[in-house]
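To start, the structure itself, in structure tokens.
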Amino acid sequence: LDALAGAKWFSTLDLASGYWQVEVAEEDREKTAFSTPLGLFQFRVMPFGLCNAPATFQRLMEKALRGLTWKTCLVYLDDVIVFGKTEEEHLERLEGVLSRLQSVGLKIKPEKCQLMRQSVHYLGHVVTQHGIGTDPEKTAAVQKWPTPRCV
């Protein structure tokens with residue numbers, strides 16, 4: 001997250017059912033087969049739970065956003081953060097990332113995106129121009145624990 005230093009504007013993008021946007025090669029589909037009382041089925045798209053699914057998806061995202069990562073955006077699986085020092089720079093970068101995702105056929109889930117903000121939640125952190133902090137929602141349960149009465 002050090003790449004975000006100096007940025008004042010942020011957007012987060014979340015892909016819609018990310019794994020399901022990745023087609024399984026025809027010759028590999030039989031490896032995803034499963035049996036039910038209704039018959040034998042196999043996936044046409046990458047299912048959740050395959051041991052190499054996260055690495056495969058990360059590689060796909062890095063390939064899709066090649067040349068933009070670390071300078072324009074950061075990506076972790078289906079979570080992307082776009083950053084910029086000015087509104088204009090940020091908007092230009094956001095358009096570039098969205099255009100790239102569209103060109104490779106990846107779709108985002110608009111209701112899970114945060115656009116053109118000075119503070120965003122990303123990977124369990126709150127990101128602002130002043131730095132990165134732990135998301136208070138993630139620590140609320142621990143902070144509410146009662147103080148121990150005996151040790």
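Out of all DSSP beta bridges in the chain, what portion is antiparallel? Express it as a percent rounded to 5.
95 percent
Count the lysine pairs in segment 2-117 that are 8 or more places apart or on different chains: how many have C-alpha atoms under 24 angstrom apart?
Lysine pairs satisfying the spacing and distance rule in segment 2-117 number 13.
Stick to Cα atoms and the Kirkwood definition of Rh, then tell me Rg/Rh for the chain.
Result for the chain is an Rg/Rh of 1.10.
Grab the beta carbon distance between Lys85 and Arg44, set R0 = 41 Å, and tell me the FRET efficiency rounded to 0.05.
Here the calculated transfer efficiency is 0.45.
Between Met116 and Arg59, what is the label-point separation in nm under the 7 Å Cα-to-beta-carbon projection?
Computed distance between label sites Arg59 and Met116 equals 3.8 nm.
Just to be sure I follow the definition: excluding the sites themselves, where is the longest run in the chain that has none of the trypsin sites (Lys or Arg not before Pro) in a DSSP loop with at most 10 other Cβ atoms within 10 Å?
The longest uninterrupted stretch comes out as 72-143.
Distance between Cα centroids, segment 1-54 to segment 77-129: provide it in whole Å.
20 Å
Run lengths n ≥ 4 of DSSP H only: what is the helix-derived mean residue ellipticity at 222 nm for the chain, with -39500 (n - 2.57) per run over all residues, to the nearest 500?
-7500 deg cm²/dmol
Picking from Asp135, Asp79, Asp28, which is most flexible by a Gaussian network model of the chain using Cα springs under 10 Å?
Top of the fluctuation ranking is Asp28.
Counting pairs of Cα atoms in segment 76-121, how many percent are more than 17 Å apart?
Roughly 33 percent, rounded to a whole number.
Give the calculated FRET efficiency between Lys8 and Ala140 to the nearest 0.05, with a Förster radius of 25 Å applied to their Cβ-Cβ distance.
The value I calculate is 0.40.
Chymotrypsin sites (Phe, Trp or Tyr not before Pro) within segment 65-151: which are DSSP loop residues with at most 16 other Cβ atoms inside 10 Å?
Taking segment 65-151 and a limit of 16 other Cβ atoms within 10 Å, the loop chymotrypsin sites (Phe, Trp or Tyr not before Pro) found are Trp70.
Each reported figure results from applying straightforward, stated rules to the coordinates on display, with no laboratory input. Predicted, not measured: the structure shown is a model, and the values here were computed from it. Here the Cβ is made from the backbone with ideal geometry for all residues, glycine too, and neighbour counts use every protein chain on show.
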